[in-house]
Amino acid sequence: MADTLSMLNIVIPEIIVVLFAFLALFSDLKGKNRRLAGFITLVGFILAILYLLTLKGVEGNLLTFVLDSYAWSFKMLFLFASAIVAVISIGYLERAKSSVGEYYALLMLATAGAMFVVSARDLITLYVAFETASLSSYALAAYFRWDRRSNEAGLKYLFYGAFSSALILYGLSLIYGLTGRVELEAISLAISSSPVAYLALAMLIAGFGYKVSAVPFHMWTPDVYQGAPTSVTAFLAAVSKAMGVAIFLQIFVLGLGSMIGDWRLIIAVIAAVTMTLGNVVALVQTNVKRMLAYSSIAHAGYALVGIAAFNPLGIASAIFHMVTHALMKAGSFAVVGDEGESIHQLNGLWKRSRIAAFAMTVFMFSLAGFPPLAGFWSKYWLFWSAMESGLWILALIGVLNSVISVFYYARVIRAIYVIESPRTLKISRMSSAVVAAVICMTGILIIGVYPQPVIATLLEAIRAVYP
Amino acid sequence: MILSVILILLLLGSILPWLVRSATIARCVAIFFAFLSFAASIYAYTMFEGSGFQFEERYEWIPSLGISYHLAVDGLSLPLVILTTLLALVATIYGVDEPKRDNQFYGLIMLTCFGTAGVFMALDLFLFFVFWEIVLIPMYFLIAIWGGPRKDYASFKFIIYTHIGSVIMILAFFAMHYLYYLQTGVRTFDLFELAKLSIEPKLAVILFIALIFGFFIKMPIFPFHTWLPAAHVEAPTSGSVLLAGILLKMGGYGLFRIPYTFFPEVAKAYAYPIAIIAIVTIFYGALAAMAQEDYKSLIALSSVSHMGYVLLGAAALTPAAITGAIFQMFAHGVASPLLFIMAGTLHHKAGTRLIHRLGGVAHKMPIWATFMVTASMAGLALPFTASFVAEFTVLIGALEAFNVLALFVFPAAIVTAGYFLYALRRAVFGPFNADLHIYGDVDAHEFVAMFMLVVAIIYLGIYPIPLEGIIDTFSVAFAGGV
């Protein structure tokens with residue numbers, strides 16, 4: 001017990017986040033201290049990041065709560081992305097018609113939930129942590145109560161989420177029934193192919209496929225991404241999606257890795273269909289939030305390529321892709337939140353805010369996979385890992401999809417620089433969204449020019465989970 | 001170091017104009033850096049000795065993938081680097097057609113030159129690809145923002161065509177990278193290392209075709225040329241200067257540097273089909289140019305025809321043919337930009353480029369007409385212009401390699417002379433068309449841009465040795481190696 005207590009420090013980042021969640025909740029009860037609540041949240045995230053930095057390289061566990069380099073990398077991603085979302089929110093919530101304390105509290109609780117997810121090594125902790133994050137994000141999506149579309153988004157998200165939770169619970173209980181264990185490592189040793197295991201597998205793929213918005217479980221994504229407040233959309237794309245991929249990794253690689261032969265083909269097919277459908281449907285969207293939602297679906301497909309490849313590089317690059325995707329999407333939703341969600345509202349953006357215009361251009365090129373930007377490298381490693389596993393058709397489909405995607409990202413760039421707009425509102429105002437966009441852009445450029453340290457860290461990290 | 005210096009100067013020239021608001025200062029900054037980079041490339045020329053790759057620089061970039069920042073130039077790339085910096089100077093001096101967002105315009109012009117110079121210098125296939133893609137982006141904006149009436153269509157077609165070519169090209173790069181990894185367990189994109197690869201003949205053919213496909217689109221070679229008339233006609237004049245002057249050369253350069261270096265046996269085995277494609281391209285471009293009413297599309301299609309000579313030289317693979325092909329890249333790289341500048345000036349002063357609406361322009365614009373005649377003579381490869389030296393050398397080389405087949409090219413020279421002279425007769429000479437309003441002769445800055453190109457054309461036409469000397473160091477070794 002004394003031993004366990006001495007490892008209490010590994011959970012301190014989560015404790016900081018939860019404490020600050022309550023602080024933020026009480027800081028803005030009457031809607032008069034909106035910015036204060038935002039800054040408290042930001043401070044909470046920054047403190048947690050700083051503490052987490054001191055934990056680099058620390059390995060330890062509190063019962064089934066594990067901190068290893070894998071969990072560390074994901075937590076860093078969650079905290080950093082949530083901090084960016086908090087920065088976006090400070091400006092974006094000026095339009096809120098009520099107090100914003102609970103918004104920030106929910107944001108921090110959702111982040112804490114995601115952080116617990118990546119540390120969970122048994123099914124029960126995993127499920128509870130997952131639900132903490134999910135429930136908070138349902139409420140976040142519906143946060144603009146006075147906006148019909150935000151309500152619709154929240155409700156849709158909740159219903160789909162509840163359904164998928166039920167599927168996941170069924171799947172998990174079947175696995176428990178088969179193996180009698182809840183610890184992921186014990187499960188991977190005990191489980192073997194059987195009809196019931198297949199049933200569990202199908203339910204888990206459907207349930208978690210929903211969370212990462214893999215086709216055919218993606219239907220909610222465009223509506224929710226479009227309807228939710230844009231700062232929340234940034235959170236869903238950056239943090240929730242990464243959490244979904246983390247769960248995929250933990251359940252399928254760590255828990256069901258021994259059944260690889262049974263699920264690899266399914267995941268590979270889902271990855272191919274997800275990439276293709278996301279990119280093709282995105283071609284015809286005129287609402288940028290919706291277009292980015294479909295792009296987000298496509299990017300989930302890219303990440304699944306790495307899981308289907310099932311080799312160290314594939315898993316590392318799936319995580320890497322979530323890092324770059326978080327930066328690109330958080331940044332682009334920041335700009336969209338500031339400028340408006342129809343593509344016409346981006347027309348002539350360069351005249352209104354040169355910094356935002358340039359940052360958005362970098363995001364779009366990075367999403368399309370132009371070298372040398374961060375988005376190129378993560379895709380490169382994903383497809384390379386698929387080749388190494390002999391899934392070269394999947395790699396080829398991925399490359400073709402990257403080509404298709406250029407067209408809709410180019411439309412945004414065209415709107416920003418080429419089409420002239422009569423609208424010349426606000427000339428280069430330095431808003432919080434621009435700050436967030438600049439942070440993301442800097443990250444993309446640095447990782448793009450010098451990706452070596454990131455991929456090295458992640459390759460180190462996945463040694464902890466790869467069997 | 002000198003190569004990095006050239007790149008840094010061009011890069012500075014493309015970033016700094018964005019930071020100033022005044023159009024004049026932006027232009028001066030761009031011209032200043034273009035001039036410095038041109039001076040640096042001339043300095044590199046004077047320092048170039050002997051043969052082989054020189055001024056080599058190599059730094060690890062992403063070691064885990066074997067990607068390095070590896071630059072060097074040889075007799076093939078140095079002339080093209082000089083051409084790039086020269087055209088950077090010419091394009092910035094000529095400037096923007098319609099004054100709007102000038103600072104961005106100059107930044108993009110310089111960024112295009114930065115990417116192109118990088119393509120000519122890079123000896124790491126990945127670095128090559130990065131520069132290759134960098135070129136695409138500013139050129140898209142140049143056409144889409146400052147282009148003519150059909151700029152949307154033209155810029156989109158440009159980006160689709162060249163991007164598809166790039167993707168197929170990079171797939172072939174990755175395939176070679178992967179094969180090398182399988183054979184040796186080492187990851188590298190280095191050109192020298194990958195050239196050592198032993199690939200089975202069938203796969204070599206596939207890779208060869210994949211590689212030349214990307215470069216054919218860029219050159220462009222019939223039937224992948226359809227993006228070119230649209231892009232060249234709609235692009236602003238300085239954009240056309242760069243498109244015709246150096247972007248097409250990226251295709252020709254890549255052809256020699258990559259597929260022909262890696263798979264010389266395949267290139268030899270398919271010499272005849274490639275030569276036939278080249279001859280078809282030469283004729284197609286010339287005949288299509290004859291049918292044009294817009295001076296700019298005439299010039300654009302003449303580019304297709306002229307780039308066919310480059311491919312013909314490559315197919316022949318004799319020292320003379322290769323020297324001719326590379327010389328042709330340089331010669332066309334100064335003649336075609338001059339023609340585009342003439343067309344751009346004409347459009348400014350006369351308000352139209354349509355040949356049937358012109359007539360007797362020489363009466364009102366004598367200086368312009370003088371330059372136009374010189375440019376047309378360079379276009380139709382009159383002796384004492386650089387193009388003549390180039391095309392003549394290619395034909396000599398092709399005769400050595402293909403005998404009778406090469407004779408089929410000669411009628412094309414007549415067609416070429418035909419459309420240039422016919423256009424001159426209708427547009428520039430004859431009685432003055434009274435419906436035409438001409439607003440003065442050429443401006444000073446236009447004159448400077450034209451004059452620089454004319455000097456290059458005539459000088460190399462009369463005394464080609466300075467250029468041919470360096471090119472020969474490459475082509476003799478190359479043909480010997482093949």
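Select from the range B:193-213 the residues that are open to solvent by 40 Å² or more (accessible area, probe 1.4 Å) and in a helix (DSSP H, G or I) and list them in ascending order. Passing the criteria: B:Glu193, B:Pro201, B:Lys202, B:Leu203, B:Ile206, B:Ile209, B:Phe213.
Annotation note: of B:Val389, B:Val409, the sole residue that is of a type in the set (A, V, I, L, M), under 23 Å from the mean Cα position of the chain (by Cα) and open to solvent by 10 Å² or more (accessible area, probe 1.4 Å) is B:Val389. Filtered by the rule that a residue be open to solvent by less than 10 Å² (accessible area, probe 1.4 Å) and more than 21 Å from A:Gly337 (Cβ to Cβ), the range A:269-297 gives A:Ala271, A:Thr274, A:Met275, A:Gly278, A:Asn279.
Pairs linking a residue in the range B:381-393 that is of a type in the set (Asp, Glu) to a residue that is crowded, with 24+ Cβ neighbours inside 10 Å, with Cβ atoms under 6 Å and 6 or more positions apart or on different chains, are B:Glu391/B:Tyr309; B:Glu391/B:Ala381. B:Leu123 - would you say it is touching a residue at least 12 places away in the same chain (Cβ under 8 Å) and either within 12 Å of chain A (Cβ to nearest Cβ) or over 20 Å from A:Leu373 (Cα atoms) (or both)? So B:Leu123 fits the description; yes. Consider B:Ser297 carefully, then state whether it is out of contact with any Cys (no Cβ under 7 Å at 6 or more places or on another chain), over 19 Å from B:Gly251 (Cα atoms) and in a helix (DSSP H, G or I). So B:Ser297 fits the description; yes. If you go through the range A:114-136 and pick out every residue that is in contact with a Leu (Cβ under 8 Å, 6 or more places away or on another chain) and over 19 Å from A:Phe252 (Cβ atoms), you end up with 3. Of everything in the range A:20-35 that is among the hydrophobic types (A, V, I, L, M, F, W, C) and surrounded by fewer than 16 Cβ atoms within 10 Å (Cβ to Cβ), the residue that is farthest from A:Met76 (Cα to Cα) is A:Leu29. Here A:Ser432 fulfils each of the conditions (1) over 26 Å from A:Leu283 (Cα atoms); (2) at pLDDT 90 or above; (3) surrounded by 22 or more Cβ atoms within 10 Å (Cβ to Cβ) apart from (2). Under the condition of being within 13 Å of A:Ala271 (Cβ to Cβ) and within 12 Å of chain B (Cβ to nearest Cβ), the residues counted in the range A:387-398 number 3. When B:Trp61 is tested against (1) surrounded by 20 or more Cβ atoms within 10 Å (Cβ to Cβ); (2) among the aromatic types (Phe, Trp, Tyr); (3) more than 14 Å from chain A (Cβ to nearest Cβ), just one condition goes unmet, and that condition is (3). Among the candidates B:Phe105, B:Phe53, the residue that is within 13 Å of chain A (Cβ to nearest Cβ) and more than 17 Å from the chain's Cα centre (by Cα) is uniquely B:Phe105. Examine the range A:177-185 for a residue that is touching a helix residue (DSSP H, G or I) at 6+ places or on another chain (Cβ under 6 Å), buried (at least 21 other Cβ atoms within 10 Å of the Cβ) and of a type in the set (Val, Ile, Thr), and state whether such a residue exists. Scanning the range A:177-185 turns up no residue that is touching a helix residue (DSSP H, G or I) at 6+ places or on another chain (Cβ under 6 Å), buried (at least 21 other Cβ atoms within 10 Å of the Cβ) and of a type in the set (Val, Ile, Thr).
The requirement of being assigned to a helix (DSSP H, G or I) and in contact with a Lys or Arg (Cβ under 9 Å, 6 or more places away or on another chain) is fulfilled nowhere in the range B:34-47; no residue meets it. Note on the range A:98-120: among residues that are open to solvent by less than 10 Å² (accessible area, probe 1.4 Å) and of a type in the set (S, T, N, Q), the one that is farthest from A:Thr41 (Cα to Cα) is A:Ser119. Per this entry, B:Val448 is counted among residues that are open to solvent by 40 Å² or more (accessible area, probe 1.4 Å) and in the same structural domain as B:Glu391 (by TED's automatic domain parsing).
Return the pairs, sorted by first residue and then second, in which the second residue is surrounded by 12 or more Cβ atoms within 10 Å (Cβ to Cβ) and of a type in the set (D, E, K, R), the first residue lies in the range B:176-192 and is part of a helix (DSSP H, G or I), the beta carbons are less than 8 Å apart, and the residues are 6+ apart or on different chains. Final answer for the pair search is B:His177/B:Arg187; B:Tyr180/B:Arg187; B:Tyr180/B:Glu193; B:Tyr181/B:Arg187; B:Leu191/B:Asp124; B:Leu191/B:Arg257.
Restricted to the range B:459-482, and to residues there that are hydrophobic (A, V, I, L, M, F, W, C), touching a residue at least 24 places away in the same chain (Cβ under 8 Å) and open to solvent by 60 Å² or more (accessible area, probe 1.4 Å), the residue that is farthest from B:Ala316 (Cα to Cα) is B:Ile462.
Filter the range A:435-467 for residues that are touching a strand residue (DSSP E or B) at 6+ places or on another chain (Cβ under 9 Å) and assigned to a helix (DSSP H, G or I); which is farthest from the other protein chains (Cβ to nearest Cβ)? Among them, the one singled out is A:Val449.
The values are calculated or read from the model by the stated rules, or taken from the named source; none is laboratory data. On a predicted model such as this, the values are computed, not experimentally measured, just so you know. Neighbour counts are summed over all protein chains in view; Cβ atoms, including those assigned to glycine, are modelled from backbone coordinates with ideal geometry. Remember, those area values only see protein heavy atoms, side chains included, never the ligands or the DNA or RNA. Shrake-Rupley method; radii C 1.70, N 1.55, O 1.52, S 1.80 Å.
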